[in-house]
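These notes concern the structure reproduced below.
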Amino acid sequence: MTRLEEDVDHHFVTAMEKALGWDGPGALGSAFTRGTIEDLDLLDRLLNPSKLLDLVMRRSVTTPQFRIFQEGAELHPGRYIHPSVTRRGQAIPMADMRRVGGLMREGCTMVLDEVERSLAGLSTPDGHTFLGNACTALADAARDGLFGAWGVASWDTRSLEMVQVDDLPSPDLLMVRAGFLVGIDLLDAINVLRTAWQPGETWGMSPFGGGHRKVWEEFDPRPFLRPRHEDLSRIQAAFRASFHLPSASAMAVGTDDPGHLAQLVQTLGAEVDTAAVSQYLRALHGHRQS
């Protein structure tokens, strides 16, 4: 341990004792308390690129807490996460740092996933500090060449809007829900977040909402294409239109059948009727107001 690390650890322990009103172990197990560390600079020093990797290496990772992309494609978690068996025979998912390191050297994109779950229950200042530390560590690591780029994925960006991200490092990639099954409140929140955060790219994900086949039996999205493209299925039309709900440069979908992906790729040449999309969004706003 270096002198700097010893200094940080010492100040952290002292700050924790002060925040929790520690006066000895006598009260352990008898009560719950909560406190605030006043030295915010100390928190910034607790998470840096090397400590971020150490955190990933030593903790259990319930997939997906972080996702890795390479050349625009998401890698299966099985390529970099493996079960570690405890003495009690429990299999705990842990990051395989040798594989993670190899992917990082190849210039992968590291994406922090489901950040809204980590921010749940935090106050705006605490959430801002928490997310800011994580983003700063990722941005510094990418700048230092540990990997190619970094990003943030969120299924509900309203929590990110609440923590005020405008002064945090801007991610190279922001992944958000996309498509007709995304409500107008979330679509508006995504646009507000993008304006404030200015990410390099926006990718959509889960354009079919994880299934919901019955929706596409009752709703025909082909009128959102120009021309209507009767030769495409409703699923294909929904996929193509999802690039505008919200506007995204790529779309993440998962399937066990490569043929399904081929069918979706066929739609990329179709033109989306942006006027119809705008009319659809106005209708959603009007319905919300009424």
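The values are calculated or read from the model by the stated rules, or taken from the named source; none is laboratory data. Here the structure is a predicted model, which is why all the values come from computation and not from measurement. Virtual Cβ from ideal backbone geometry, glycine too; neighbours counted across all protein chains shown.
Values as computed for the structure displayed
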| quantity | calculated |
| --- | --- |
| All positions within segment 153-204 that are free of Cβ contacts under 8 Å to residues at least 60 places away in the same chain, touching a Gly at 6+ places or on another chain (Cβ under 8 Å) and of a type in the set (Val, Ile, Thr) | Val163 |
| Condition check for Val152: in a loop (DSSP other than H, G, I, E, B) and within 17 Å of the chain's Cα centre (by Cα) | no |
| Looking only at segment 166-196, and only at residues there that are over 14 Å from the mean Cα position of the chain (by Cα) and farther than 21 Å from His285 by Cβ, the one that is surrounded by the most Cβ atoms within 10 Å (Cβ to Cβ) | Leu168 |
| Residues being assigned to a helix (DSSP H, G or I), of a type outside the set (A, V, I, L, M, F, W, C) and touching a Phe, Trp or Tyr at 6+ places or on another chain (Cβ under 7 Å) - total across segment 256-282 | 1 |
| Qualifying residues in segment 95-124 (those that are in a helix (DSSP H, G or I) and of a type in the set (D, E, K, R)) - the one modelled with the lowest pLDDT | Arg117 |
| Checklist (1) within 14 Å of Leu174 (Cβ to Cβ); (2) surrounded by fewer than 17 Cβ atoms within 10 Å (Cβ to Cβ); (3) not hydroxyl-bearing (Ser, Thr, Tyr) applied to Arg143, failing item | (1) |
| Of residues in segment 224-251 being over 29 Å from Thr195 (Cβ atoms) and in a helix (DSSP H, G or I), the one farthest from the chain's Cα centre (by Cα) | Arg234 |
| Test: residue in segment 82-94 that is in a helix (DSSP H, G or I) and not acidic (Asp, Glu) | no |
| Segment 122-133, residues that are aliphatic (A, V, I, L, M) and surrounded by 20 or more Cβ atoms within 10 Å (Cβ to Cβ) | Leu131 |
